[in-house]
Amino acid sequence: MSIKPLIILPDPVLRQVSKPVERVDAPLLRLVDDMLETMYDAPGIGLAAIQVGEPLRLLVVDLAKEDEPKAPHVFINPEILETADARSVYEEGCLSIPDYYAEVERPAAVRVKYIDREGRQQEIMAEGLMATCLQHEIDHLNGVLFIDHISKLKRDMVVKKFKKLAREKAPSRLVG
Ligand code: GNR
Ligand code: NI
């Protein structure tokens, strides 16, 4: 297993639309293990494959607290089948936008179908933090970030800050 480098805003890779996983085979399961290790190391409660540069419709989630046993969940080709009318607000963060947090309003519950790591079709009715996290991760598969759900003024400020940070770290010919 290995920890993979995270793709950080404003890298355009984060805006790619990821492709469906074609088969659940050994190389895919290796990527899943690397994503889990990368998420635990960060630490984060979720990670989409595109955040480690793999444009595949694959994400991992673990909502267990630090003092609880690990509870890794793997979602392959997830699809939202239904969303509740009720809304809930969580303060969200993203491993691709380090140290920035903002409140986001989303459907309070979602029904999601997906393929598990054994290659079996599954369905889950999620609410609370799991509902928010799944929507945040499925957004990543479509090139959408949580800052797309906040005001344009706040989003522009965050993007500007991360563009400046990227400029300071890399030669200008490599950064837009
Ligand atoms: O670690 C994470 N925490 C988090 C908190 C509230 C809502 C969503 C998340 S997901 C985030 C990890 C991440 O960037 N996943 O894409
Ligand atoms: Ni994220």
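Bear in mind these aren't lab numbers, they're just calculated from the coordinates by the rules spelled out. Predicted, not measured: the structure shown is a model, and the values here were computed from it. Neighbour counts run over all protein chains shown; Cβ positions are idealised from the backbone, glycine included.
Taking the criterion of being closer than 26 Å to Leu9 by Cβ, among the hydrophobic types (A, V, I, L, M, F, W, C) and more than 15 Å from the chain's Cα centre (by Cα), the residues of region 81-111 that qualify are Val89, Ala102, Val110. If the condition is being within 12 Å of ligand 2 (Cβ to nearest atom), in a strand (DSSP E or B) and of a type outside the set (Val, Ile, Thr), then region 25-60 contributes Gly46, Leu47, Ala48, Leu59.
Residues of region 100-130 being among the aromatic types (Phe, Trp, Tyr) and more than 25 Å from Arg155 (Cα to Cα), which ones? Show your work before the answer.
Quick first cut of region 100-130, residues among the aromatic types (Phe, Trp, Tyr) only: 100-101, 114.
If the condition is that a residue be among the aromatic types (Phe, Trp, Tyr) and more than 25 Å from Arg155 (Cα to Cα), then Tyr114 is the only one that fits.
Selection of region 125-171 for residues being surrounded by 17 or more Cβ atoms within 10 Å (Cβ to Cβ) and part of a strand (DSSP E or B) yields only Ala126.
Taking the criterion of being more than 25 Å from Leu165 (Cα to Cα), out of contact with any Leu (no Cβ under 7 Å at 6 or more places or on another chain) and of a type outside the set (A, V, I, L, M), the residues of region 8-39 that qualify are Pro20, Glu22, Arg23, Asp25, Pro27, Arg30, Asp33, Asp34, Glu37. Can you tell me which of Arg117, Arg106, Arg111 is among the basic types (Lys, Arg) and in a loop (DSSP other than H, G, I, E, B)? The conditions single out Arg117.
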